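Accompanying notes for the structure given below.
Coordinate-derived values only; no laboratory data. Small disclaimer: the values here were computed from a predicted structure and weren't measured. No Cβ is skipped: glycine too gets one built from the backbone with ideal geometry, and neighbour counts run over all protein chains shown.
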Amino acid sequence: MRVLVVGAGGREHAIALNCRTSGHEVLMVPDVTGIDGRLSEVDLVIPGPEAALVAGIASTCAAAGVPCFGPTAELARLESSKAHARDVTTRLGIPGPRWSRFDAGQVDEALDWWRSLGSPVVVKQDGLAAGKGVVVPTDDTSTAEAITALAARGAFLLEERMSGPECSLLALCDGTTAIALPLAQDHKRIGEGDRGPNTGGMGAYAPAPIDIDVDHLVATFITPVLDDLRAAGTPYIGVLYAGLMITASGPRLVEYNCRFGDPEAQAVIPMLDVDLADAALAATEGALATHPIATGVPLRAASSCTVVAAAPGYPGTPAVGAAVLSTTFTSTTVAGSSIDDELALLFPAGIDAEGRVSGGRVLAVTGLGDDLGSARDRAYSALDGIAFEGMQVRRDIGWRAPGATMRSYAESGVDIDEGTRAVDGMRAAVERTLGSDVLRGVGSFGGVISLARLAGLDEPVLVASTDGVGTKVELAARLGRVRGVGADIVNHCIDDVLVQSARPLMFLDYIAASKLDAGLVAEVVSGMAEACEAAGCALLGGETAEMPGVYADGAFDVAGTLIGYAERSALLPTDDVAPGDVLIALASSGPHTNGYSLLRRLFQWFPMDAVPLGLDRPLGEALLEPHRSYLDVIAPLLDDADGPRIKALAHITGGGLPENLPRVLPDGVDAEVELGSWPVPPLFALVRDLLPGMNAHELHRTLNMGVGMVIVCAEADADAMRSAIGEDTWVIGRLVSGRAGHREVRLR
Ligand code: GLY
């Protein structure tokens, strides 16, 4: 077909693009001027703007025997006269606001009506106003001002102000049958957050998230009008557009338009997998009921988002003439001008042939996608490459969509009930850790513990440590073995305070996850509780946070704080740590909680359930072996006043031997560590083999290499110390004099 599209805005370019890509030839004229001469050349006319309808293009086409997909000027009064539309809907019982019409100058009558209504109103000009003849006053003063202003211009309406989400229902009509297109939502105000004056529309998206069956909306707002007009012998052909507000009492009509919406058309038409000209022609023949779209409108994209770029000054007088520059589209004057596999499209509107701003709404960019988020991203990233001086763009198109369908906090990814289930699952294990000194535990705002057990100390001190399990949690989550990370964090903290001679008093945990899983949380906390119970430490409280979008899907994080107590005079290190002292190593149970970023990467292609050469159990199990607590080994030594004396303890955590030993060394004292003086466990030996390029210092800084705790004692005490410890130990080095101002670890 040769299709004549009347109009030159974004909407008309969207219609034309569909026609062209459906294989039709398209002629475009800006308005109806001189149109008679063109009609003999074309098979179908699709009018875009209301002005063409009001100018009687349907009758002109009928006289020339050319099908026109638009209503007659008389029928278009549904749009051109707000009062006529309200008369029709009132007569047909179509839901809408209470309203009244006033003639020019009837200010007092209007003020009286408004006061008797007793609720806020919308003031509307009773004629075409390109979307700008509506004032929504915010208070009594601006209501009176709006009434005075519109009464000075001509006839006007007052309508009861409704509230609720709005949507645009566009239906293709053939006089009898109406086919609804995806519901769209316009953004009429100039400013972000729907502030400022009304415009012709600054953006739209589809489908609008309205939880009402579209067939029901068609039956309520479109079909009664079609039936009424057909019965009157004047069938309605074209687009009937019902602007709706979804109020608390149900959907209500805001207004009718007799054409595609702008910018709704730029959002909706590109979504369609429909030959629009073919459907429009069928409508002019009264044949939509048998057209393929009668059984469902096929879509080529599930979602669409259109963003309008407007000229400076709009919606007042726009400043024109600026060059429109684009790095994303090949042309700014050609509709489509596609990029990104046609998932981002440009629709020129107020651009002249030289690519300069010539009108208020300059162009629209539409992004398509599987969901609104991706459609929106495409539209905005395409728009990022477009610029002209003073360009006005709303960055919030679609901003009401995320909240439109949310009914509960859980829909944002946070399930409070799951948190409660997690607490229920862990409660028993946690309560086992609570001695009689705990006055408030699980479920209270804060844990409360009596300090009675410190009463026997001469000068009690509290020793606090906070830490996290680190990226070991990723491996644990991946392997579904999370109980151990509970022990990891508790024991890590126990060892941290132990090296200062402190015994654990209480522990508080923190678990954060992208998605809370009560079973997982209960498992982790039960692991913590077991470790606490074994150490005589109260698991006094904790926090479980569900943080979608902060943690990666499936990820969780574990951290905790332990408070211990000690006698001040017993604090370690002692002040006589000196050259000649020896370093006695206690074995680690595995990598503890350090080096997992390296380990996960190192073993990324090795199955975690396979047993590598040298190990006697699956790799995943070896890697997840919980961090051991040294409390049961060290505490008896600390308590035995007659036994060998511990001068210092170093917990070998992040930073390994090279960075943890210096923490307990006096100034000018170095540690010499003899590599090979302790048996490197098979897992660490394997890691060393797999890292031929990593030197010893770097390796021992990253991993504990089999040593989890180091005791510093006088050489004379070393043998007694080792025999007092009921497990294998190794003398791995000694302290030597070093340079003043330094504390170094030398691996030899
Ligand atoms: N976007 C509103 C209209 O076209 O009237």
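Computed quantities for the displayed model
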item: Modelled FRET efficiency - R0 25 Å, F445 with E659, Cβ distances, 0.05 increments; result: 0.05
item: Gain on full stretching of the segment that runs from D417 to A578 - 0.36 nm per residue minus C-alpha separation; result: 52.3 nm
item: Equivalent ellipsoid dimensions for the stretch 1-124 as semi-axes, Å, which come from the Cα gyration tensor, largest first; result: 39, 15, 13
item: Kyte-Doolittle mean at least 0.5 and Cα axial length at least 18 Å: DSSP H helices in the chain; result: 518-535
item: Counting all C-alpha pairs of the stretch 362-409, share separated by more than 15 Å (%); result: 52 percent
item: Extended-chain gain in nm, criterion 0.36 nm per residue less alpha-carbon gap, T138 and T290; result: 49.9 nm
item: With at most 16 other Cβ atoms within 10 Å, longest stretch of the chain clear of loop chymotrypsin sites (Phe, Trp or Tyr not before Pro) (DSSP); result: 1-398
item: Distance (nanometres) between label positions extended 7 Å along Cα→Cβ at S331 and W605; result: 5.1 nm
item: Cα shape, the stretch 503-609, gyration tensor, a/c 1.5 rule; result: oblate
item: Contact order relative to length of the stretch 95-236, as percent, for alpha carbon pairs under 8 angstrom and 6 or more apart; result: 22 percent
item: Number of Lys pairs (Cα under 20 Å; 8 or more positions apart or on different chains) in the chain; result: 7
item: Spin-label proximity, A552 to the stretch 512-533 - amide N less than 16 Å from point 7 Å beyond Cα toward beta carbon; result: 513-515
item: E41-R478 FRET efficiency (beta carbon distance; Förster radius 60 Å; 0.05 resolution); result: 0.35
item: Unit charges on C-beta of K, R, D, E only; dipole of the chain, Debye; result: 1120 debye
item: Reciprocal mean inverse distance between Cα atoms of the stretch 500-544 - Kirkwood radius, Å; result: 11.4 Å
item: Mean projected area (nm²) of the alpha-carbon convex hull when the chain is viewed from all directions; result: 45.0 nm²
item: In Hz, Karplus ³J(HN,Hα) per residue of the stretch 504-511 (6.51, -1.76, 1.60; θ = phi - 60°; x = Gly, Pro); result: x, 10, 8, 10, 10, 10, 9, 10
item: Environment charge of A552, counting only residues whose C-beta is closer than 11 Å and scoring Lys/Arg +1, Asp/Glu -1; result: -2
item: Paramagnetic reach from A219 (point 7 Å along Cα→Cβ, amide N under 17 Å) across the stretch 239-261; result: 250-252
item: Cleavage-rule hits, GluC sites (Glu not before Pro), the stretch 346-445, DSSP coil, Cβ neighbours within 10 Å at most 11; result: E354
item: Those trypsin sites (Lys or Arg not before Pro) in the stretch 343-421 that DSSP places in a loop and that have at most 15 other beta carbons within 10 Å; result: R395, R407
item: C-alpha center-to-center spacing [the stretch 318-397, the stretch 251-312] in angstrom; result: 20 Å
item: R0 of 25 Å, Cβ-Cβ distance D632-R427: FRET efficiency to nearest 0.05; result: 0.40
item: The stretch 615-633 and the stretch 455-496: distance between their alpha carbon centers, rounded to Å; result: 14 Å
item: Dipole magnitude (debye, nearest 20) for the stretch 658-748, charges at Cβ of Lys, Arg, Asp, Glu; result: 240 debye
